[in-house]
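The values are calculated or read from the model by the stated rules, or taken from the named source; none is laboratory data. Predicted model only: the values in this text are computed from it and were never measured. Here the Cβ positions follow ideal geometry from the backbone for every residue, glycine too, while neighbour counts run over all protein chains shown. The protein model used for the area step is the full one, side chains on, heavy atoms only, and it has no ligands, DNA or RNA in it. Shrake-Rupley method; radii C 1.70, N 1.55, O 1.52, S 1.80 Å.
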Amino acid sequence: MIELLTPTRSTILQHANPAVKLALFVALFFVTVQTRNIDFAMDQAIVYTLLLFILGGFPLRKTLLLVIPFFLLFVSSSITMVLFGKGDTLWWQWGLLRITEESFYRGMHLGFRSIAFAAEGLLFVSTTSSVRLFYALMQSFKLAPKFAYSFMASIRLLPMVWEEFLNRRQALQVRGARVKGKGMKGLAEHIRLYAVPLLSQSIRRAHRVAVAMEAKQFDGKGPRTYFYPSKISWMDGISIILLVIAPCLAYMASLSFQWFGIADVRYHP
C-alpha cells in the first residue's frame with residue numbers, strides 16, 4: 001500500500017512546504033464542507049480529480065487505479081441519502097425504500113462532495129512526506145517534539161504490525177490451526193488467535209519506544225536542531241496560486257454550466 005501511494009515523478013506540490021500545504025488543504029476541505037450548491041460540489045470533484053492526475057506524481061495507469069474506487073465511494077455515500085432521505089415529491093417507493101426528488105439531489109450532492117474530499121486527501125498524501133510534514137509542523141507551527149516524534153514512531157510501527165500479522169497467519173497455517181465455528185464463535189476464535197497476540201506485542205513495542213524517547217530527552221524542552229529545515233520558497237507561492245485557482249475555477253464553472261441549477265440543496269423544494 002505504501003508503494004502504491006509513492007509518486008514516481010516530481011511535481012511542484014511535492015517541493016512545497018508541508019506546513020503551508022497543510023494549511024491550504026485544510027482551507028480547501030473547509031470550502032468543500034460549506035458547499036451547498038450541487039453544481040459547485042460536482043465541479044470541485046472534477047477539478048480536484050484532474051489536479052490528482054496532473055500534480056499527484058503518479059503515472060496515468062496508477063492514477064486510474066486510485067480513482068476507480070471513487071465511483072464506489074460516490075455510490076456508498078449517496079445511496080443511503082437517496083433511498084432513505086426525507087422529501088415531499090415522491091418518485092418511487094417500495095417498502096422502506098423511498099426515493100424523492102429532494103433525497104435524490106441531496107444524495108448526489110453528498111456523493112460529489114465525497115469524491116472532492118477523497119481527491120483532496122489523496123493529493124495531499126501523495127505529495128507530502130509524513131516525516132517532512134512533522135518537521136515542518138515543529139518548526140513552523142511549534143508543535144511539541146514529543147508529539148511529533150510520537151506520531152512519526154507510530155507511523156513507522158504500522159508496517160511492522162502488518163508484517164507480524166502475516167507471520168502469525170503463516171505460523172498458524174504451518175501448525176494446522178483453523179478457526180472453528182461460525183458467527184460470534186468464529187469471531188471470538190479470530191480474536192483469540194490474532195487480535196490478542198498482536199495487541200500485546202504492539203503494547204510492548206510501544207512501551208519500548210516510549211522508554212527510548214524518554215531516555216533521549218524528547219520532552220520538547222530546550223532548543224533543537226532539525227535534519228530537514230523547513231523553509232518558504234517560490235514553489236510555495238506557486239502552490240498557493242494553484243490551490244486558490246482550483247476552487248475559483250470550479251465556482252466559475254458552476255455559474256457557467258448549471259447542470260442541476262440548485263443553489264442550496266437544504267432548501268430545495
Taking square-rooted eigenvalues a ≥ b ≥ c of the alpha carbon gyration tensor, is the range 69-127 rounded, prolate or oblate, where a/c under 1.5 means rounded and, failing that, a/b exceeding b/c means prolate? prolate
1.4 Å probe accessible area per residue over the chain, in Å²: 62 Å²
Would you kindly find the accessible area of residue 244, with a 1.4 Å probe and non-protein molecules such as ligands, DNA and RNA excluded, rounding to the nearest 10 Å²? 70 Å²
Probe radius 1.4 Å, ligands and nucleic acids ignored: give me the carbon and sulfur share of the accessible area of the chain as a rounded percent. 68 percent
Here the Kirkwood hydrodynamic radius of the chain, Cα-based and in Å, equals 22.3 Å
With viscosity set to 1.002 mPa s and temperature to 20 °C, compute the Stokes-Einstein D of the range 67-183, Rh being the Kirkwood radius across alpha carbon pairs; µm²/s, no decimals. 113 µm²/s
Within the set of other residues whose C-beta is less than 15 Å from the C-beta of residue 132, count the net charge using Lys and Arg as +1 and Asp and Glu as -1. +2
Do the sum for the chain: with -39,500 (n - 2.57) for every DSSP H run of n ≥ 4, divided by all residues, what is the mean residue ellipticity at 222 nm, to the nearest 500 deg cm²/dmol? -22000 deg cm²/dmol
Table column - 3J(HN,Hα) (Hz), the range 19-31, Karplus curve with 6.51, -1.76, 1.60, x for Gly and Pro: 5, 5, 5, 4, 4, 5, 6, 4, 5, 5, 4, 5, 4
Longest segment of the chain lacking chymotrypsin sites (Phe, Trp or Tyr not before Pro) that sit in a DSSP loop with at most 14 other Cβ atoms within 10 Å: 1-140
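Top to bottom by accessible area (1.4 Å), largest first, where do 138, 213, 160 land?
160, 213, 138
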Quick check: convex hull of the Cα atoms in the range 41-87, volume per residue, rounded to a whole Å³? 61 Å³
Collect residues whose amide H, placed 1.01 Å from N in the peptide plane, falls under 5 Å from the amide H of residue 100; neighbours closer than 5 in sequence don't count. 91
Rg followed by Dmax, in Å, when the range 1-95 is reduced to its Cα trace: 17.5, 55
Computed over the chain: relative contact order in percent, which uses C-alpha pairs under 8 Å that are six or more apart: 33 percent
